[in-house]
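Participant: One structure, pasted below without further comment.
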Amino acid sequence: MVRYSLWLLLAVALPAAAAHYLPPPDFIRTPPAARAQPADFTCPAAPAPFRGELVFRSKYEGSDAARATLNKEALAAYRQATRNITATQKRVTALAARYGKAGDKRVADCLVSTLYAWAVQDALTSTITSHTGKAVRKWALASFTSAWLQLQFAPGLPLNGNPQAAEVERWLSALATLTVSDWADLPREKINNHSYWAASALMTTAVVTGREDLFNRAVAMLRTALSQVDENGFLPNELKRKSRALAYHDYALQPLVTLVRFAKANQVRLTPEENRAFARLVARVRAGKADPAAFREKTGSEQEPFTPSPRPSP
């Protein structure tokens, strides 16, 4: 009851635009009530904002339709080109986690100032993109908004009174609008893990900004994704990855878990069939990790060993 009451108070205390939707209660790391003396902390300068064209090479460059053959030279070029984006994602994620452990206002302010440095430069807003560039934009948006929510809904409301917060939220909203355009109107046979990750980014941005259009798009994509799960728990568009089908089923499942949790937190009811489809997918991925034989039989390819990660490079 105490936890629920705290959550209700947070919803009431937040600005109206941000109070329309809520994250799942266990999504937010709550600093302990009894805190140790804060350690010394100096906020480092933000990585230089990325303002260039979002045109990057893919690590599968030159591969066949299965896109399963690694191009090491292209991967190295991708990592070099996106190093500041990756560094900023890691920075804000780490700062959000640190704030959740100690509740140090200096850490919260550092996270805000890091994103503000990118917001005022309208980083990542180029409309000149490649497929990989579009992927990078929605991954960054997902990271930034997930970290932002850790402050927006934290006890003590550390964003209150911060003069930079509004500009950051304006920029995150702009990135979401571009992300909608990046992944809109794809034919069903092209809707795969990328669209799911884009929807996850739109969902967290909807909670940050209170934008109903983003929330509705995210829920619609969740329903589309669940309708793609076949009777055996496979995603046909991820089976196309042949030797990497299991890895990409696991990768596709991650944003769907986020979408299901956020939908539930905001009283979205999935149909019985959608719930069964989600359960089939979860069971299939779990079984595949224990024994990939079903994926090998389904694709005709031995499955590449993989280490699950929050966001593999494209």
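Values quoted throughout were computed directly from the atomic coordinates according to the rules given, and no laboratory measurement underlies them. Note that the coordinates shown come from a computational prediction; the quantities given were computed from them, not determined experimentally. Note that each Cβ is placed from the backbone with ideal geometry, even for glycine, and that neighbours are counted across all protein chains shown.
Participant: Compute the helix-to-body angle for 2-13: its Cα long axis versus the longest principal axis of the chain, expressed 0 to 90° and rounded to tens.
Facilitator: 80
Participant: Taking just the C-alpha trace of segment 190-309, give me its Rg and Dmax in Å.
Facilitator: Just the Cα atoms of segment 190-309 yield Rg and Dmax of 14.5, 46 Å.
Participant: Once you have a ≥ b ≥ c as the square roots of the Cα gyration tensor eigenvalues for segment 44-184, tell me rounded if a/c is under 1.5, and otherwise prolate or oblate according to whether a/b is larger than b/c.
Facilitator: Cα axes put segment 44-184 in the prolate bin.
Participant: Quick one, which of [x] 57, 46, 38; [y] 87, 63, 38; [z] 66, 44, 35 is the actual Cα extents along the principal axes in Å calculated for this model?
Facilitator: Correct label is [x].
Participant: In segment 226-304, which trypsin sites (Lys or Arg not before Pro) are in a loop and have at most 10 other Cβ atoms within 10 Å, using DSSP for the loop call?
Facilitator: Listed in order of number, the matching sites are 269.
Participant: Then there is this: Would you look at the GNM of the chain, springs on alpha carbons closer than 10 Å, and say which of 70, 141, 178 moves the most?
Facilitator: Of 70, 141, 178, the Gaussian network model singles out 70 as fluctuating most.
Participant: Right, here's the next one. Need the full-extension length gain, residue 190 to residue 177, defined as separation in residues times 0.36 nm minus the C-alpha distance. One decimal, nm.
Facilitator: Using 0.36 nm per residue and subtracting the Cα-Cα distance, I get 2.6 nm.
Participant: Follow-up. Could you check the simple spin-label distance between residue 51 and residue 29, using points 7 Å along Cα→Cβ, in nm with one decimal?
Facilitator: 3.2
Participant: Packing-wise, with mean Cβ within 10 Å as the measure, how do 245-253, 74-82, 42-50 rank, highest first?
Facilitator: Per-residue mean Cβ counts within 10 Å order the peptides as 245-253, 74-82, 42-50.
Participant: Would you mind pulling out the separation of the Cα centroids of segment 237-260 and segment 93-113, in Å?
Facilitator: Cα centroid to Cα centroid, the span is 31 Å.
Participant: Per-residue counts of other Cβ atoms within 10 Å, averaged by peptide: what ranking do you get for 111-123, 53-65, highest first?
Facilitator: 111-123, 53-65
Participant: Hey, another quick one. Where in segment 231-308 are there GluC sites (Glu not before Pro) that are in a DSSP coil and have at most 12 other Cβ atoms within 10 angstrom of their Cβ?
Facilitator: Loop-located and lightly packed - 231, 302.
Participant: Further question: Could you give the angle, 0 to 90 degrees to the nearest 10, between helix 105-119's Cα long axis and the longest principal axis of the Cα atoms of the chain?
Facilitator: Helix 105-119 sits roughly 60 degrees off the main axis of the chain.
Participant: May I pose another question? Applying a 10 Å radius around every beta-carbon, put 193-200, 214-221, 97-104 in order of their mean neighbour count, most first.
Facilitator: 193-200, 214-221, 97-104
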